[in-house]
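Accompanying notes for the structure given below.
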Amino acid sequence: MSTPAPNASDFLRAFTGDAGQLLPQKDAPILAQTTSPNRELYLDNYLAKMADYENAYQEDVYLERHRYPVLISTFKRLDRVQNLVGHGNFNVVSFDEMLKYGKRYSSVGEFTQVEKDFLEELFFANARQYGFLGDKVITEISAPIPERDRRKVGRTGHFLYRGKSETLYDKLQKDVGSNIVLTSGIRSVVKQSHLFLAKTIQSKGNLSKASRSLAPPGHSYHGIGDFDVGKVGFGRKNFTEAFATTDEYKRLVDLGYVDIRYPRDNMFGVRYEPWHIKVV
Ligand SMILES: [Zn+2]
């Protein structure tokens, strides 16, 4: 679906072992310890890039131009599913349910074969080719999120998995106070695809840039338990580094039991996300 830009080699070389083979995905985050001769160059470039994630870089990978129409039409159809079921419920819509809504509701319209193929291709693509180094955490595109496994969190429009996620959320809310609130919980493959396509459109087809601030479909820990929190009334700033300057964030960190999934200088190919709580 995408073609690497020429001269992507410095970036990619750093991901290869001595024999030039790609390192197993799970080893990527410990590249800081690699003995590759490109190590320092790579690390400097990498850290600068993550700090300035909104920029485009020479080695960035783009969606081919001729696929833009399907990018747009798929995004718009997903948008119509979201309008149909509501923003809250859209978080937990499965792939099969999405297709069903398309078939049943003329306000959505049936997903075309090309759109279905596009979503599948995106889901099954190796995200490392964009520079995203996190794990694939969902392997089944049509994995459902059963009602019994989730809880709708009042007044947030978001869901949490029962068990570890809801227990951690309840505890940290009790300890920090009700000024901290869930800003994004469970995200199905469909929801993550919608977000990723929106980012890709915003990035003018730059899949690498999109994946620096949003995990590609199948790679988001929101699919299996992580969640985002923010300060009540802080709006969109909750998804910026400004969140780390709030008292709520400081109290969160001082609790000592909360882990941030993407700390500054993380090796997952993702920008700093002080709001994203690691659960799994
Ligand atoms: Zn998050």
Considering residues of the stretch 74-97 that are on the phi < 0 side of the Ramachandran plot and assigned to a loop (DSSP other than H, G, I, E, B) only, the residue surrounded by the most Cβ atoms within 10 Å (Cβ to Cβ): Asn91
Hits in the stretch 242-259 - residues which are within 16 Å of the ligand (Cβ to nearest atom) and either at pLDDT below 95 or assigned to a loop (DSSP other than H, G, I, E, B) (or both): Val258, Asp259
One residue from Leu195, Leu172, Leu168, Leu160 being outside any loop (DSSP other than H, G, I, E, B), within 17 Å of Gly88 (Cα to Cα) and out of contact with any helix residue (DSSP H, G or I) (no Cβ under 6 Å at 6 or more places or on another chain): Leu195
Out of Ile180, Ile186, Ile201, sole residue that is within 20 Å of Glu140 (Cβ to Cβ) and touching a helix residue (DSSP H, G or I) at 6+ places or on another chain (Cβ under 8 Å): Ile186
Criterion: at pLDDT below 95 and outside any loop (DSSP other than H, G, I, E, B) - qualifying residue of Arg148, Arg155, Arg212: Arg212
Qualifying positions in the stretch 108-150 - among the charged types (D, E, K, R) and either more than 18 Å from Tyr221 (Cβ to Cβ) or within 16 Å of the chain's Cα centre (by Cα) (or both): Glu110, Glu115, Lys116, Asp117, Glu120, Glu121, Arg128, Asp135, Lys136, Glu147, Arg148
Output for the stretch 260-271, where each listed residue is touching a Lys or Arg at 6+ places or on another chain (Cβ under 8 Å), within 13 Å of the ligand (Cβ to nearest atom) and more than 19 Å from Ile180 (Cβ to Cβ): Val270, Arg271
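The values are calculated or read from the model by the stated rules, or taken from the named source; none is laboratory data. The structure displayed is predicted, hence computed values, not measured ones. Cβ sites come from the backbone with ideal geometry, for glycine too, and all protein chains shown count toward neighbours.
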